[in-house]
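Single-structure report; data block below.
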Amino acid sequence: MLLSLRIFIFAFFGSALLVSADTRLNVLFIAVDDLNDWVGHLGGHPQSKTPNIDRLARTGVTFSKAYCSAPLCNPSRVSLLTGIEPSKSGVYGNGERFRQKLPKAVTLMQHFRTYGYAVKGGGKIFHGANRPGDLASWDFYFKAPRTKYEYKRPANLPASAWAPWGPLDNDDKEMFDSKVVNWAISELEKPHKKPFFLACGFTKPHLPWHVPRKYFDMHPLDKIVLPETLINDREDLPVFGKKLAREVHDVSGPRNFAEHGEDHNMILKYNQWYRAVQSYLATISFVDFHVGRLLKALKESEHADNTIIVLWGDHGWHLGEKQHWRKHALWETTTRTTLIISAPEQSAKNKLCQSPVSLIDLYPTIVQLCNLPVRNGLDGQSIVPLLQNPNRKWDRPVLTTFGKGNHAVRTKRWRYIRYHDGGEELYDHDADPKEWTNLAKLSRYSSLIERLRKTIPK
């Protein structure tokens, strides 16, 4: 009798839900590859120029302490899109196919499809540009045609120098990300009978940092400011921490990400630091311009007032801090990224939330914002309460994992890192926001370390 009643209730209210589908909120899901905090309103770099991303921030809440679950594309995106931590899924590297590890996982997009949404994507959402990554997650996935880029490497730069950056003589219309945005704009311009979940994934500012020359002109080379660094910053690192800062390996296998040896030494040897910073800033400005096109199209569409916008980067990026480059580590610069949520009538406006949150929290958050049934078994926690009141108390620590047995725990004040070999790092962000002084060996912090250690998976 009870089972029959449940079936009746689901059939009645489920069909009612579909009938009223046009009143449900849409989702514009914007993924930006390798974007750290170098956006204007976060102040990660004094010369960043991101007026469109900053304008989006004024319509919602920016999480100034947003962290990835893994500082590597594939495990970061898999954890976000499945709601399952790397330490539980076993997805640690870029070479792993998540369906082999998680055959029964229901992705965020699948959950929306189940409840009547039209789910479409393009660009880079899962790991790999121009590939859907998981056929079950999409009703449609757009594949953009590729154009050959016209790049002239400086004549005085040896072929052995690691320098995958510099201006292109291409137009914006020839850029892959621009083509994906064109497609997304065409979707926003259409009327939709069903609510939509539209994912637009940027491949930039992932390497190589090649974008049209006009974006480099926005950041003159002779004016570039380098990140503030400490020359002996590696000295107090444990053995594995030093290894990550020097020659980095994909922790799931033998492939070496630092193909030219130690990146920072190469940068200094060939005088590339200023060019690299200029190129990263230029590539972010390129992304910002096309984010602006996308947001303008939404604003001018019939969907402007009932669409949630979520913009996120998949992890941070080093440009010489700790004499380290790229990601592949567990420090603040590697794990912190940009996260903005703008939800009509459900989020505060033009607010900065200082509480640490994880990208793994996005799955339950977006589900709640769209009033869909809660999905059990997710490792994240909805941050809707912080959207409504960014200053409320929030004591949940954030976990980041890089390979089996290597974890970082971030609270509002502390970052604690423990490696698989027992090496430890501890940083006090109230006194040391750049993580220059490792406190882990000081006995007066032993009780704090013991408490933070309990947060780490066994």
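Within the range 130-150, not a single residue is outside any loop (DSSP other than H, G, I, E, B), within 25 Å of the chain's Cα centre (by Cα), basic (Lys, Arg) and surrounded by fewer than 21 Cβ atoms within 10 Å (Cβ to Cβ). Among the residues of the range 79-129, which ones are of a type in the set (Phe, Trp, Tyr), within 18 Å of Val374 (Cβ to Cβ) and surrounded by 22 or more Cβ atoms within 10 Å (Cβ to Cβ)? Correct list: Phe112, Tyr117.
Collect the residues in the range 266-278 that are touching a residue at least 40 places away in the same chain (Cβ under 8 Å) and either hydrophobic (A, V, I, L, M, F, W, C) or within 29 Å of Ser358 (Cβ to Cβ) (or both), keeping them in residue-number order. Scanning the range 266-278 gives Met266, Ile267, Trp273, Ala276, Val277.
Could we say that Val61 is of a type in the set (Val, Ile, Thr) and in contact with a Leu (Cβ under 6 Å, 6 or more places away or on another chain) here? Criteria met by Val61.
Let's see how each residue does on (1) crowded, with 22+ Cβ neighbours inside 10 Å; (2) more than 21 Å from Lys204 (Cα to Cα):
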{"site": "Asn265", "(1), (2)": "no, yes"}
{"site": "Tyr270", "(1), (2)": "no, yes"}
{"site": "Gly292", "(1), (2)": "no, no"}
{"site": "Ala297", "(1), (2)": "no, no"}
{"site": "Glu300", "(1), (2)": "no, yes"}
{"site": "Leu311", "(1), (2)": "yes, no"}
{"site": "Asp314", "(1), (2)": "yes, no"}
{"site": "Gly320", "(1), (2)": "no, no"}
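Pairs under 8 Å by beta carbon, first residue under 15 Å from Ile284 (Cβ atoms) in the range 167-187, partner crowded, with 19+ Cβ neighbours inside 10 Å and charged (D, E, K, R), six or more apart or different chains? Taking only residues 6 or more apart or on different chains, the pairs are Asp177/Lys204. Each residue in the range 165-177 was checked for being in a helix (DSSP H, G or I) and crowded, with 21+ Cβ neighbours inside 10 Å, and 1 of them qualify.
Among the residues of the range 412-431, those identified as open to solvent by 20 Å² or more (accessible area, probe 1.4 Å), out of contact with any helix residue (DSSP H, G or I) (no Cβ under 8 Å at 6 or more places or on another chain) and either aromatic (Phe, Trp, Tyr) or closer than 26 Å to Gly44 by Cα (or both) are Lys412, Arg413, Asp430, Ala431.
Within the set of pairs 6+ apart or on separate chains, which have a first residue in the range 290-306 that is under 16 Å from Asp54 (Cβ atoms), a second that is of a type in the set (S, T, N, Q), and C-beta atoms under 8 Å apart? Once the first residue is under 16 Å from Asp54 (Cβ atoms) and sits in the range 290-306, its partners that are of a type in the set (S, T, N, Q) give His290/Ser178; Val291/Asn52; Gly292/Asn52; Leu295/Asn52. Number of residues in the range 44-72 that are of a type outside the set (Lys, Arg), under 17 Å from the mean Cα position of the chain (by Cα), outside any helix (DSSP H, G or I) and more than 21 Å from Ile125 (Cα to Cα) equals 4. Looking at Tyr280, is it more than 15 Å from the chain's Cα centre (by Cα), of a type outside the set (Lys, Arg), buried (at least 21 other Cβ atoms within 10 Å of the Cβ) and not in a loop (DSSP other than H, G, I, E, B)? So Tyr280 fits the description; yes.
Among the residues making up the range 45-65, a single one is touching a Gly at 6+ places or on another chain (Cβ under 8 Å) and of a type in the set (A, V, I, L, M, F, W, C): Ile53. Can you name the residue in the range 1-57 that is open to solvent by 60 Å² or more (accessible area, probe 1.4 Å) and at pLDDT 50 or above and, of all such residues, is nearest to Ser279 (Cα to Cα)? Applying the filter and picking the extreme gives Lys49.
For every residue, the table says whether it meets (1) open to solvent by 40 Å² or more (accessible area, probe 1.4 Å); (2) in contact with a Leu (Cβ under 8 Å, 6 or more places away or on another chain); (3) modelled with pLDDT of 95 or more; (4) more than 24 Å from Lys242 (Cβ to Cβ).
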| position | (1), (2), (3), (4) |
| --- | --- |
| Pro364 | no, yes, yes, yes |
| Leu372 | no, no, yes, yes |
| Gln381 | yes, no, yes, yes |
| Leu399 | no, no, yes, no |
| Lys434 | yes, yes, yes, no |
| Arg451 | yes, no, yes, yes |
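Residue pairs whose Cβ atoms lie under 7 Å apart, sitting 6 or more positions apart in sequence or on different chains, and linking a residue in the range 436-448 that is within 9 Å of Leu426 (Cβ to Cβ) to a partner that is assigned to a helix (DSSP H, G or I) and open to solvent by less than 20 Å² (accessible area, probe 1.4 Å), are Ala440/Ile449.
Only residues that are out of contact with any strand residue (DSSP E or B) (no Cβ under 8 Å at 6 or more places or on another chain) and within 29 Å of Asn94 (Cα to Cα) were counted across the range 437-456, and they come to 1.
Answer with yes or no whether Val225 is open to solvent by 10 Å² or more (accessible area, probe 1.4 Å) and either closer than 30 Å to Gly423 by Cβ or at pLDDT 95 or above (or both). The answer is yes for Val225.
The single condition among (1) over 18 Å from Trp183 (Cβ atoms); (2) open to solvent by 10 Å² or more (accessible area, probe 1.4 Å); (3) in contact with a helix residue (DSSP H, G or I) (Cβ under 6 Å, 6 or more places away or on another chain); (4) among the polar types (S, T, N, Q) that Asn306 does not satisfy is (3).
The values are calculated or read from the model by the stated rules, or taken from the named source; none is laboratory data. Treat the numbers as computed from the prediction; the structure is a model and nothing was measured. With ideal geometry, Cβ positions are generated from the backbone for all residues, glycine too; neighbour counts draw on all protein chains shown. Note: areas computed on protein heavy atoms with side chains; ligands, DNA, RNA excluded. Shrake-Rupley method; radii C 1.70, N 1.55, O 1.52, S 1.80 Å.
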